Amino acid sequence: DYLESNGTSTKTVSPLNMLLKHAHCNRQVFVDARRMAIHALLRADARVATVTSGGSLPKLPLHLAIERGISWKDGVEAIAMAGPSKAMETRNRQTFMYPFMAAAVGRRSDLNSVYCLLKENPEVARGLALRR
């Protein structure tokens with residue numbers, strides 16, 4: 001387990017979550033280095049794909065990667081395939097969006113990521129168009 005203590009409390013932190021939390025730069029050299037780091041971390045211990053971030057609204061690494069604008073080929077695929085299939089079925093607790101929805105919105109939206117996430121788990125879209 002990955003634990004971090006600040007003296008008063010202890011929270012779970014993984015190297016993958018730390019990498020994703022600080023993934024702001026989209027210059028190609030950083031994108032390439034981040035992709036290699038994501039793959040190396042997942043090879044070392046695939047469980048890092050299941051460790052949620054800390055805070056009042058914890059997020060799975062898949063959600064963090066999409067939120068940071070990381071594309072399917074630059075890390076989302078590796079995280080999605082290493083993590084439990086449940087991650088693709090889990091809504092973000094803050095936005096209530098499924099990962100494929102989050103990949104479709106914002107300045108960093110990525111149609112290929114949306115398509116690939118839906119292709120891997122089409123069941124998440126079932127019933128979304130139904131009126132309730």
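Packing, taken as the mean count of other beta carbons within 10 Å per residue, orders the peptides 56-67, 20-31, 102-113 from highest to lowest as 56-67, 102-113, 20-31. Whole-Hz Karplus values for the range 19-25 come out as 4, 5, 4, 10, 8, 9, 7 Hz, taken residue by residue from phi with 6.51 cos²θ - 1.76 cosθ + 1.60 and θ = phi - 60°; glycine and proline positions read x.
Considering helices alone, the calculated mean residue ellipticity of the chain at 222 nm is -11000 deg cm²/dmol, with DSSP H runs of length four and up weighted by -39500 (n - 2.57) and normalised per residue. Multiplying the residue separation of residue 95 and residue 27 by 0.36 nm and subtracting their alpha-carbon distance yields 21.8 nm. Extension gain, residue 46-residue 128: 0.36 nm per intervening residue step, less the Cα-Cα distance, totals 26.4 nm.
Relative to a virtual label point 7 Å from the Cα of residue 81 in the Cα→beta-carbon direction, which members of the range 32-50 show backbone nitrogen distances below 13 Å? It comes to 39-40, 42-43, nothing else. Debye-formula intensities of the chain, expressed as log10 I(q)/I(0) at q = 0.12, 0.20, 0.21 Å⁻¹, are -0.45, -1.18, -1.28 (one equal scatterer per alpha-carbon, no solvent). Would you mind checking 59/119; 21/59; 86/119 for any pair whose Cα atoms are more than 19 angstrom apart? Over 19 Å apart, Cα to Cα: 59/119.
Each residue of the range 54-67 was assigned a 3J(HN,Hα) from its phi angle through the Karplus expression (A = 6.51, B = -1.76, C = 1.60, θ = phi - 60°), giving x, x, 6, 10, x, 10, 6, x, 4, 5, 4, 4, 5, 4 Hz with x at Gly and Pro.
Can you give the angle from 0 to 90° between the axis of helix 28-44 and the longest principal axis of the chain, with both taken from C-alpha atoms, to the nearest 10? The answer is roughly 80 degrees.
Taking amide H as placed 1.01 Å from N in the peptide plane, the amide H of residue 45 sits under 5 Å from none that are at least 5 places away or on another chain. Considering only 52, 62, 23, and ranking their Cα positions along the charge dipole of the range 3-125 that arises from unit charges at the beta-carbon of Lys, Arg, Asp and Glu, the one farthest toward the positive end is 23. Under the criterion of Cα pairs below 8 Å and six or more residues apart, the relative contact order for the chain equals 19 percent.
Note on the range 65-123: Kirkwood radius taken over Cα pairs, Stokes-Einstein applied at 10 °C and 1.306 mPa s, translational D equal to 142 µm² s⁻¹.
Bear in mind that the values in this text are calculations on the coordinates, not laboratory data. As the structure is a prediction and not an experimental result, all values here were calculated from the model. With ideal geometry, Cβ positions are generated from the backbone for all residues, glycine too; neighbour counts draw on all protein chains shown.
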